[in-house]
Amino acid sequence: MPEYVLRAENLGKKYYIGRKEKYKTFRESLIQAVTAPVERAVQVMKGRSQHVSGLNQEMWALRGVNFEIRQGDVVGIIGRNGAGKSTLLKILSRITEPSTGRARVRGRVGSLLEVGTGFHPELTGRENIYLNGAILGMRKAEIDRKFDEIVDFAETEAFLDTPVKHYSSGMYVRLAFAVAAHLEPEILLVDEVLAVGDISFQKKCLGKMGDVARTGRTVLFVSHNMAAISSLCSRAFLLDRGELVFEGDVPDAINRYMESTLSACQTPLRQRSDRQGDGRLRFTEVTFINGTGQPVNAAVSGQPLTALLKYETSDGRSARNVDMDLAFYGALGQLLFLCKVQLARGNFEVLPPQGVVACRIPRFPLTPGRYRYKLWCQVNRVTADRIEDAGVLSVEAGDFYGSGYLPNKNPEGIVMVDHEWELVDPKVTLALDQVRSAG
């Protein structure tokens, strides 16, 4: 048995901004190999370089990555958006080739990297199960043996003979994960796509990955959920701007990651590059004000707080059918609560080209501490802007309950809720007992 099942040796992946990566046929590759020297000579004679144009600017998604992973390791891969996590898994899955170095893989790989990866949209769920099994090198008898387990886990039996192009993203994920986890790969690679599923299914998937790991198979898990990484993984890699900056114990990796996200939060929103979306509308500034309208650097538990979200559109035109949310997260990346336009008022039918949107929270519900918040916006059901670690908000103790008691973070938990306590009249208790005995 080899000492490792995965090894990266000076692994790097380079892209050119504005250039679409093309997957060539053997004939095209052969022709390019023959003509490349002539093309380079012509470029030199003309005094041009392929890197002069802004459209051909180099961008390293990964650079100089080295590691070894042994059989049975459960490794969490963490890092900010654009750190190179998904690129690394695509290289290990043989979906894309590295620009430098090499990746050695020993064993059959099952991967869940993007919604519907490996599925043919015209085939049914049943047919895709057999197709994916064949791709993984499984014999039909092996797939037959696991088929019922896959269907039960995915909870898609009613749609099994429906072409998967009609599936929702959640159905895609459920079936794709069930196939990848149940067809017994020696190595299971899982990206953040589990976030598409509902909470119960996410728990189900995490439990299954734990079962896979306990059988001695290897798992690589990319996630922004530090609580999941902490509970599932025995080791962690921290990637930053394409480089592996830390490899070791999970708590140490998480601490380093949290420190890096806090430093990123100091960058003004206008200058943030770690954002997602088509840019149709973008957040440019966040200001918090208290109940008297004064700007504050910290919220107070139980007191009013308003977030003023300054924005602007990219084309100088009004935006229609706009939804936004402001979400607060704990130290391990767990979602604490969410304020969403759609939940409170449906949406903004029209927003002017630039302006400020106010999100008012009448009684701020968090205990003292520091919390990260995320900003998200969509226009006409398309994500326009998403910043995972948009900023950090400090919270100070306040008289949330009106009892004179100022809570600490522990052991009272993190989120406070309005509630009441009272002694029940004995007559009410007697009446309840009579109703139970009669029933």
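Counting DSSP beta bridges in the chain, what percent are antiparallel, to the nearest 5? Mind dumping the intermediate values first?
Working: 65 of 84 bridges.
The antiparallel fraction comes to roughly 75 percent.
Quick one: dipole size for the range 331-426, taken about the Cα centre, charges +1 on Lys/Arg Cβ and -1 on Asp/Glu Cβ, in debye to the nearest 20.
Computed charge dipole of the range 331-426: roughly 580 debye.
Check Glu312: other-chain or 5+ apart residues with amide H under 5 Å from its amide H, H built from backbone geometry?
Amide H neighbours of Glu312, under 5 Å, 5+ apart: Arg282, Thr284.
Please work out the average accessible area per residue across the range 268-325, using the 1.4 Å probe convention, and give it in Å².
For the range 268-325, the solvent-accessible area averages 50 Å² per residue.
Once you have a ≥ b ≥ c as the square roots of the Cα gyration tensor eigenvalues for the range 294-439, tell me rounded if a/c is under 1.5, and otherwise prolate or oblate according to whether a/b is larger than b/c. Write down the numbers at each step before the final one.
Working: a/c = 2.82, a/b = 1.77, b/c = 1.59.
Judged from the Cα gyration tensor, the range 294-439 comes out prolate (a/c at least 1.5, a/b above b/c).
When only C-alpha pairs under 8 Å and at least 6 residues apart count, what is the relative contact order of the range 136-227, in percent?
28 percent
Take Thr261, Thr215 and sort them by solvent-accessible surface of the protein heavy atoms, 1.4 Å probe, largest at the top.
So, going from the largest accessible area down, we get Thr215, Thr261.
Within the range 248-368, what whole-number % of the accessible surface is contributed by carbon and sulfur, with the 1.4 Å probe and all protein chains included in the calculation? Show your work: numbers first, answer last.
Details: 2960 of 6170 Å².
For the range 248-368, the apolar C and S fraction of the accessible surface comes to 48 percent.
Once you have a ≥ b ≥ c as the square roots of the Cα gyration tensor eigenvalues for the range 140-239, tell me rounded if a/c is under 1.5, and otherwise prolate or oblate according to whether a/b is larger than b/c.
Oblate.
In the full protein assembly as shown, how much of Lys165 is accessible to a 1.4 Å probe, in Å² to the nearest 10?
We get 100 Å² for Lys165.
Once you order the gyration tensor axes a ≥ b ≥ c over the Cα atoms, which shape class does the chain get: rounded for a/c under 1.5, otherwise prolate or oblate by comparing a/b with b/c?
Working: a/c = 1.89, a/b = 1.33, b/c = 1.42.
Because a/c hits 1.5 or more and a/b fails to exceed b/c, the chain counts as oblate.
Averaged per residue, what accessible area in Å² does the range 79-233 show with a 1.4 Å probe, protein chains only?
For the range 79-233, the solvent-accessible area averages 43 Å² per residue.
Order these peptides, 121-134, 172-185, by their mean beta-carbon neighbour count within 10 angstrom, highest first. Kindly include the intermediate steps, with their values, before the conclusion.
Details: 121-134: 18.1, 172-185: 24.0.
Those peptides, ordered most packed to least, come out 172-185, 121-134.
In percent, how large is the relative contact order of the chain, given Cα pairs closer than 8 Å and 6 or more residues apart?
Worked out over the chain, it gives 14 percent.
Averaged per residue, what accessible area in Å² does the range 329-439 show with a 1.4 Å probe, protein chains only?
Accessible area per residue: 64 Å².
The values are calculated or read from the model by the stated rules, or taken from the named source; none is laboratory data. The shown structure was predicted, so the numbers you read here are calculated from the model rather than taken from an experiment. Quick reminder, even Gly has a Cβ in these numbers, built from the backbone with ideal geometry, and neighbours come from all protein chains shown. Note: areas computed on protein heavy atoms with side chains; ligands, DNA, RNA excluded. Shrake-Rupley method; radii C 1.70, N 1.55, O 1.52, S 1.80 Å.
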